[in-house]
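Note sheet for the following structure.
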Amino acid sequence: MDIILLERVEKLGGIGDIVSVKDGYARNYLLPNRKALRANAANKKVFDANRERLVQENADRRVEAASFGDKIDGTEIVLIRASSNSGQLYGSVNVRDIVAGLAEQGHEVDKRQVIMGAPIKTIGMFDVTISLHPEVQVKVKANVARSPDEANQQAQGIDVIKAMFEEETAPTGFIEAIDPTLEPGEIPADRLTDADEGADGDDSA
């Protein structure tokens, strides 16, 4: 289907461009969300008559989005979740969690503006894209941790999962070096005490 774009759409074009897209994409997304018009003679006349207004409205929305973006860009959302010892979450962090986390800090965004790709399934620090306008995107950080203390560590750049693994694999207690020349149960000569030597002397008498 040929359409006239009413705003910039990533990978398609800018305002006024006539592009060809799949029918389903046009009918299910672009047309109902007023991002485009069918490219027929009547709509071309309507667009040409309103081009200046549409361009100005888009510019106003872009400025507004950029102003809001400055406020939330780099915002850190702390999300406390239960996980296994390997850091795998019992569940996941999704778009709704990001929206709720931002709302708690006074930043209202629509779930359609949150771009995650896939839910977060492990603890750690993750960048999440917020698309406020076709030409304005910012990043917020999702700090997913098992406790506020772990969240603080991750905010300081500490890899909590790596630290847990190193702690689990670190040797515990005293490990004595083995002398391969000794018989099983034999005590090295340099560790014999005077009492041991005296006892040996008594046995030989």
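The values are calculated or read from the model by the stated rules, or taken from the named source; none is laboratory data. Keep in mind the model is a prediction, meaning the values are calculated, not measured. With ideal geometry, Cβ positions are generated from the backbone for all residues, glycine too; neighbour counts draw on all protein chains shown.
Data table
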| item | result |
| --- | --- |
| Strands (runs of 3 or more DSSP E) fully within segment 104-153 counting 2 or more residues that are of a type in the set (S, T, N, Q) and surrounded by 13 or more Cβ atoms within 10 Å (Cβ to Cβ) | 124-133, 136-145 |
| Residue list for segment 29-58, restricted to those being in contact with a strand residue (DSSP E or B) (Cβ under 8 Å, 6 or more places away or on another chain) and among the hydrophobic types (A, V, I, L, M, F, W, C) | Leu30, Leu31, Ala36, Leu37, Ala39, Val46, Phe47 |
| Residues of segment 5-32 that turn out to be modelled with pLDDT under 90 and surrounded by fewer than 16 Cβ atoms within 10 Å (Cβ to Cβ), as a count | 2 |
| Cβ-Cβ under 7 Å pairs, at least 6 apart or on other chains, segment 111-129 side polar (S, T, N, Q), far side assigned to a strand (DSSP E or B) | Gln113/Ile130; Gln113/Ser131; Gln113/Leu132; Thr122/Gln88; Thr122/Leu89; Thr129/Ile115; Thr129/Gln137; Thr129/Lys139 |
| Answer residue from segment 56-88, given it is among the β-branched types (Val, Ile, Thr) and surrounded by 15 or more Cβ atoms within 10 Å (Cβ to Cβ) and is nearest to Pro148 (Cα to Cα) among those | Val78 |
| Test: residue in segment 168-184 that is within 19 Å of Ala82 (Cα to Cα) and either at pLDDT 95 or above or of a type in the set (S, T, N, Q) (or both) | no |
